[in-house]
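In what follows, a single structure is set out as structure tokens and then discussed.
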Amino acid sequence: MDKKTGEMCARIATRAPARMHNYSGILAEVTNRSVQKMLYDAGQRFFRDKPWEHGLKWRQTKGLTSTIKGTVGQKVPTGWVQVNMLFPAEMGLALEQLTKEYDVSMSSVTYTMLYWWTWWICPPASERARREDFLRRNS
């Protein structure tokens, strides 16, 4: 249950690259929304656009640490962080339906949504410039 609204909600944990997670926070701030509201908006558009039906592949998450090759038990950070998402219950159920329909984990579905939002819908300025340069050179 959402403590602010009292509505039923789905709390979903995923993992993402730290830079992507930080960028999503910046996106929320510059668009004058909370991260929770921005993720809700991203989820609504994700279900409206259905990018997985247009070629977007489900993205696999990575662990927070990995073992150093050739060692026993020595772990190093991967650069990925845990991202906790809060969605209205109905969106949580819709996300769960995707996991069943496409046989992917909830973590992969929500990471794919975050990736799609931050890299395709609202890409960083450097990526927009790179794409424009590519189109200019190849037109």
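The values are calculated or read from the model by the stated rules, or taken from the named source; none is laboratory data. Computed from a predicted model, the values in this text were never measured in an experiment. Here the Cβ is made from the backbone with ideal geometry for all residues, glycine too, and neighbour counts use every protein chain on show. These accessible areas exclude ligands, DNA and RNA; they are computed on the full protein's heavy atoms, side chains included. Shrake-Rupley method; radii C 1.70, N 1.55, O 1.52, S 1.80 Å.
Miscellaneous remarks
- The residues in region 104-139 that are open to solvent by less than 80 Å² (accessible area, probe 1.4 Å) and acidic (Asp, Glu) can be counted, and the count is 2.
- Of everything in region 113-125 that is assigned to a helix (DSSP H, G or I) and over 13 Å from ARG45 (Cβ atoms), the residue that is modelled with the lowest pLDDT is ALA125.
- Residue in region 57-78 that is part of a loop (DSSP other than H, G, I, E, B), modelled with pLDDT of 95 or more and exposed (fewer than 14 other Cβ atoms within 10 Å of the Cβ) present: yes
- You will find that of VAL109, VAL104, the residue that is modelled with pLDDT of 95 or more and in a loop (DSSP other than H, G, I, E, B) is VAL104 and no other.
- Among residues of region 105-134 that are more than 17 Å from MET20 (Cα to Cα), those with a Cβ under 7 angstrom from a residue that is part of a helix (DSSP H, G or I) and of a type in the set (D, E, K, R), sequence gap 6+ or separate chain, pair up as MET106/GLU96.
- Checking VAL81 against (1) free of Cβ contacts under 8 Å to residues at least 40 places away in the same chain; (2) under 17 Å from THR14 (Cβ atoms); (3) of a type in the set (Val, Ile, Thr); (4) open to solvent by 30 Å² or more (accessible area, probe 1.4 Å), the condition it does not meet: (1)
- Of everything listed in (1) at pLDDT 90 or above; (2) open to solvent by less than 50 Å² (accessible area, probe 1.4 Å); (3) outside any helix (DSSP H, G or I), the single unmet condition for MET38 is (3).
- Qualifying residues in region 87-101 (those that are in contact with a Cys (Cβ under 8 Å, 6 or more places away or on another chain) and either farther than 13 Å from CYS9 by Cα or outside any helix (DSSP H, G or I) (or both)) - the one most open to solvent (accessible area, probe 1.4 Å): PRO88
- Scanning region 5-37 for residues that are hydroxyl-bearing (Ser, Thr, Tyr) and farther than 23 Å from THR61 by Cα returns THR5, THR31, SER34.
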